[in-house]
Structure formats: C-alpha cells, structure tokens
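Inspection log for the structure reproduced underneath, given as structure tokens.
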Amino acid sequence: MAENEAEEEKEIWIKFLQRHWKMTLLMIGGLIVAGIGGLFVFLWVRDVAIATSLVPPTLGQWTIGYIITFTLNVILWEFLIIGIPVIAAVVVIILQWWNKLPDDEKEEYKKEPKKRTPRSGMTAGGGGGFVWFLTLLVWLIIVHNDGMWNKAFQDIEWSFYYLINSSLAAFLWVLLVAGIPVAIFVIWWIRREITST
C-alpha cells in the first residue's frame, strides 16, 4: 500500500511538471535572479559600510561590535531590497496561478502528503552545513595560496575587500564544482520523468 501511495504521489508530480513546466522554469529563474540581486546588495552594503566609516577597512581594527553592526546592516538591506519584493512577487504570482487552475487539478495537489521519516544525515538543514564547511575549506586554501596564511589581521593586506572577495571566490568555486553536476542531474531527471509517461 505504501508503494502505491509513493507511485501515486510520483505520478502527480510528473503530471505537475508536464502541465506547468513554464511555471517551474519561472520559479527557478526567479530564484536565480533573486540570488544574483542578493549578491549585488551584499557588495553594495560592503562598499557603503566602508565609505561611511561604519566599519574600518582593515580587519585588524575590527571588533565584535563592528561584526554585529555589519551583519545587522546586511540582513536589514537584504530584507528591504530583496526579501520584501521577492516575497510579495511570489505570493502574488502563486496566488494568481493557483486561482487559474481547474478545481479538479487543485484537489490532486491538496491530498494529504504521507509522513516520511528523515533520511540518515539529511535532516532539515543538514546538507547546508556541509556546503558551508566545504566553502570554509576552499577559503582556507585560497588564503594560503595568496600568501596571507601567516599575516596578522592588522596587516594592510587583510582588508575588508580581501575578506569579502576571497569568501565569495570560495563560495563560487564550491558552487561551480558542485553545481554543474547537480544541474546536469536535475535536468536529466526532469527530462527522464517527463518522457517516461
């Protein structure tokens, strides 16, 4: 019986992808645009924080207060410039789309999902911690290769720009190395699921 429910749920999502592939692509595209916008807002906050002397340009002068102030500024501006518009757009687009669906199709998606037990090691947020750990390792390699490993934070080379740029480079390397195979697998899986029915 559990296998029948799993097959039925799988068929519902295959039908969903076949019927609403444009909406799925729109949602993926929107997430990509929001991510790129978030990156630009972060870089803008970085530049403004230094230009207005909110934080000192060299890390040797930083304190915990500067770290907290900068972090709160990033969160505030990301929420105001990216978060609120994205949330509003998502709500409006999904509500408009949902209201245009036929009632019988809405009933298919409203079925009570069966409760699943979490898989080992992949509970909520478990995968994200590995990505950040991997990013930290890549960042340490970048710092070592740049010759910054044994330099004090007070040295002029340890600027705020270097920290942000090296961290972003580490994250982008991880995203590139892990993202390409994941993207290929997702595209392959979607195409296989759509053509199998």
Self-check item: Residues of segment 138-152 satisfying the condition of being of a type in the set (Phe, Trp, Tyr) and under 27 Å from PHE40 (Cβ atoms)
Solution: TRP139
Exercise. Confirm whether TRP98 is of a type in the set (A, V, I, L, M, F, W, C) and closer than 26 Å to LEU172 by Cα.
Key: no
Quiz prompt | Cβ-Cβ under 6 Å pairs, at least 6 apart or on other chains, segment 14-41 side over 20 Å from VAL74 (Cβ atoms), far side exposed (fewer than 13 other Cβ atoms within 10 Å of the Cβ) and of a type in the set (S, T, N, Q) | solution = ILE14/THR197
Practice problem: May I ask you to list pairs of residues, at least six apart or on different chains, whose Cβ atoms are under 9 Å apart, with the first in segment 60-89 being over 20 Å from MET27 (Cβ atoms) and the second being of a type in the set (S, T, N, Q)? | Solution: GLY60/GLN154; GLN61/GLN154
Quiz item: Condition test on TRP62, is it closer than 30 Å to GLN154 by Cβ, aromatic (Phe, Trp, Tyr), outside the structural domain of ALA170 (by TED's automatic domain parsing) and modelled with pLDDT of 95 or more?
Solution: no
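The values are calculated or read from the model by the stated rules, or taken from the named source; none is laboratory data. Keep in mind it's a predicted model, so treat the numbers as computed, not measured. All Cβ positions, glycine included, derive from the backbone under ideal geometry; neighbour counts span all protein chains shown.
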